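K.L.:
Structure provided below as structure tokens; questions to follow.
Taken together, the values in this text are just the output of simple stated rules run on the coordinates, not laboratory data. Since we're looking at a predicted model, the values are computed, not measured. Glycine gets a Cβ as well: all are built from the backbone with ideal geometry, and neighbour counts include every protein chain shown.
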Amino acid sequence: MPAIDLARLRKQANRLADFFFLPDEFMKHLREILDFYVNYTLRTKENVAPGSNLKTYRTPTAVLTHIENELRVVAEANPHFALELADVLWDEGALETRLLAAFLLGRIPPQEERLLPRLTAWTQQIRDPEVRSALLSTSLTRMRKETPNQFLELVREYLHPERRRTWTNGIQALLPMIADTSYTNLPPSSTSSNPSSKKHRPLCRTISQT
């Protein structure tokens, strides 16, 4: 892997963003970038991420971060195309492309009716812990901040007493909100000082059971 020249990486990421509306071209140039920054000292014979069934380029975090930064604004301004590109990235099946797909979901407005079906389908498919974490945190970024009631309703669904298989999803989805001490957009039912309130009981009881 060549040393990362940040100026060059920014240019590469900026150039990649030019193909946002052309998924096939985007994927062609993305593969070139990922191949360029392959860390061969970390790649295994099978090129599979540890504890995962996904192939990986062993791409440094800085590379994906620069790509995400270049895609952020254009994705938020064009959610339909962001979802289309996210689908293509997901279907590519690599660790890095699925992390980028999860990132794009997090830039889509929570009112988009196709967002939750994608999230549900992908969390059911994935084994990789890093991608699962991204889907339950990064992909829910806008929902947590813009429509907290919708977000908490999703968490309640995950933590339903009869759905033990999704309890870990609910807990993992809550972690970013709990960790954000500056978070002030919680609905009244979540900020109540009375933990035994009727609205709190199902959620608190289910969390305690886990």
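K.L.:
Using only the Cα atoms of region 1-119, build the gyration tensor, take square roots of its eigenvalues as a ≥ b ≥ c, and label the shape rounded, prolate or oblate: rounded if a/c is under 1.5, else prolate if a/b is larger than b/c, else oblate. Intermediate values should be presented prior to the final figure.
P.N.:
Details: a/c = 2.20, a/b = 1.36, b/c = 1.62.
Cα axes put region 1-119 in the oblate bin.
K.L.:
Additional query: Could you run the Karplus curve 6.51 cos²θ - 1.76 cosθ + 1.60 with θ = phi - 60° over region 57-68 and give me ³J(HN,Hα) per residue in whole Hz, x for Gly and Pro?
P.N.:
My calculation for region 57-68 gives 8, 6, 6, x, 4, 4, 5, 5, 4, 5, 5, 4 Hz in order.
K.L.:
Once Lys and Arg get +1 and Asp and Glu get -1 on their Cβ, which of Pro79, Phe21, Ala62 lies farthest toward the positive end of the dipole of region 1-119?
P.N.:
My answer, from the dipole projection, is Ala62.
K.L.:
Quote the relative contact order of region 1-119 in percent (integer), defining contacts as alpha-carbon pairs under 8 Å separated by 6+ residues.
P.N.:
Working: 122 pairs, mean separation 28.9, N = 119.
Relative contact order here is 24 percent.
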